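Please treat every number below as a calculation from the coordinates, not as lab data. Keep in mind that this is a model prediction, so the values were computed, not measured. A quick note on method: Cβ atoms are made from the backbone with ideal geometry, for glycine too, and the neighbour counts reach across all protein chains shown.
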Amino acid sequence: MTHSLRFLPEVADDALAAFAWYEAKAQGLGEQFLRAFYAAANQVPRNPMLHTKAHGDFRRCLLPRFPYAFYFTVEGEEVVGFGLFHCARDPETVRAQLRRRHPAAGNERR
């Protein structure tokens, strides 16, 4: 069963910030980043349980080629995207951001 996919508005902010950073490094690299992100995110609803839990109920999908992870939850038949963060970020900072975006999820420690 394929789930539906929805993003919080903050995910667009995360993606645009990363796009701008990569685009400043090399023209076209930001576009490649966005393609990698959307391709990975669009694969998640096909089988979201393939991705391991990273923080409480938040699961993580690693992007190919770029050191970023897409964080999401599975809520019934819907995959909800909560964040797109660089993998070098402190895990506690990522956990805190995810909790702010969805206070009911991510409370258990892994």
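Things to note:
- Prolate/oblate/rounded label for the range 26-69 (Cα gyration tensor, a/c 1.5): prolate
- Amide H contacts under 5 Å for Leu5, placed H, 5+ residues apart: Val79
- Highest-first arrangement of 52-59, 1-8, where packing means the average Cβ count within 10 Å: 52-59, 1-8
- Angle between the chain longest axis and helix 29-43 axis [Cα atoms, degrees, rounded to 10]: 20
- When you filter the GluC sites (Glu not before Pro) in the range 38-110 for DSSP loop state and at most 10 other Cβ atoms inside 10 Å of their Cβ, you are left with Glu77, Glu108.
- When only Cα pairs below 8 angstrom with a gap of at least 6 residues are kept, the chain shows a relative contact order of 29 percent.
- Unit charges on C-beta of K, R, D, E only; dipole of the range 4-101, Debye: 240
- The label point for Leu62 and the one for Cys87, both projected 7 Å from the Cα toward the Cβ, are 0.4 nm apart.
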